[in-house]
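Novice: Starting off with a structure, shown below.
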Amino acid sequence: MGSQKSWIVEIQGRDRIEVSGEGAERRVHFIGCAKLLHFLESQKALHGKDPAQWPLPEGLDHHELLVKELILKLRGQWVHPYQEDEVCHCRTVSLQTVEEAILAGAHSPEAVSRWTSASTSCGTCRPDVARIIAFRLGTK
Ligand code: FES
């Protein structure tokens, strides 16, 4: 037997969705908040059990952004605009920290700076932060 492919999207320590298998064998496991639970259940009831077949959520709440990421990853359409692990080298702020701030509601460069300290020194990383926000929110 080969290894089973899986896809994971998460806000560490808060919400996590893991999908494994293909087609009829596809399985969705998650832990997280009631909003995420209800959203996943409603999408499954409306569009079937394979998230790859669901429409992309248009909302900007964390559960909608996570499910959008999941769907794009399942479809092979997740092409992130930033490829390094660290976004802000002055403050050593990782991509994961910036992403989690955006998912949690920091939807402007100023908010990401307040929540993470990214872009609070030389400012060189500010365009990257703005680009990551635009990608996440679909406003690029
Ligand atoms: S690289 Fe982010 S403030 Fe300098």
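Readers should treat all values here as calculations from the given coordinates under stated rules, not as data from a laboratory. Just so you know, these numbers come straight off a predicted model, no measurement behind them. Because the Cβ atoms are built from the backbone with ideal geometry, glycine has one as well, and the counts that use them run over all protein chains shown.
Novice: What is the sum of charges, Lys and Arg at +1 and Asp and Glu at -1, for the other residues whose Cβ falls under 12 Å from the Cβ of residue 41? Don't skip to the end; give the middle numbers.
Specialist: On the way: positive: 35, 44, 49; negative: none.
That sum, taken over residues with Cβ under 12 Å, equals +3.
Novice: Still on this model: Residues with beta-carbon under 15 Å from that of residue 92, excluding residue 92: net charge, scoring Lys, Arg +1 and Asp, Glu -1? If you can, show how the numbers build up before the last one.
Specialist: Working: positive: 91; negative: 84, 85, 86, 128.
Summing Lys/Arg as +1 and Asp/Glu as -1 gives -3.
Novice: Tell me, what HN-Hα J-couplings in whole Hz come from the Karplus equation 6.51 cos²θ - 1.76 cosθ + 1.60 at θ = phi - 60° for each residue of segment 9-21, using x for Gly and Pro?
Specialist: Ordered by residue, 3J(HN,Hα) equals 10, 6, 10, 3, x, 10, 10, 8, 10, 10, 10, 10, x Hz.
Novice: Here's something else I'd like to know. Given points 7 Å out from each Cα along the Cα-Cβ axis, report the residue 104 to residue 26 separation in nanometres with one decimal.
Specialist: If labels sit at residue 104 and residue 26, their model points lie 3.0 nm apart.
Novice: Another question, if that's okay. Near the amide H of residue 94, under 5 Å away, which other amide H atoms are found, from residues 5 or more places off or on another chain, if H is placed in the peptide plane?
Specialist: Result for residue 94 returns 87.
Novice: Run the numbers for residue 137 and residue 8: contour at 0.36 nm per residue of separation, minus the present Cα-Cα distance, in nm.
Specialist: Working: separation 129, 0.36 × 129 = 46.44 nm, distance 1.91 nm.
Value of the extension gain: 44.5 nm.
Novice: Can you work out ³J(HN,Hα) from phi for every residue in segment 70-78, in order, using Karplus 6.51 cos²θ - 1.76 cosθ + 1.60 and θ = phi - 60°, giving whole Hz and x for Gly and Pro?
Specialist: Per residue, the Karplus-derived 3J(HN,Hα) values read 4, 4, 5, 5, 4, 7, x, 10, 8 Hz.
Novice: With angles folded into 0 to 90 degrees, how steeply does helix 34-47 sit against the dominant principal axis of the chain? Use alpha carbons for both and round to 10.
Specialist: Helix 34-47 sits at roughly 50 degrees to that axis.
Novice: With a sphere of radius 9 Å drawn around the Cβ of residue 18, what net charge do the other residues whose Cβ falls strictly inside it have (Lys, Arg +1; Asp, Glu -1)?
Specialist: Numbers: positive: 16, 27; negative: 10.
Computed value for this residue: +1.
Novice: Using Cα pairs under 8 angstrom and six or more residues apart, how large is the relative contact order of the chain, in percent? Provide the component values of the computation, followed by the final result.
Specialist: Details: 176 pairs, mean separation 22.9, N = 140.
So the answer I get is 16 percent.
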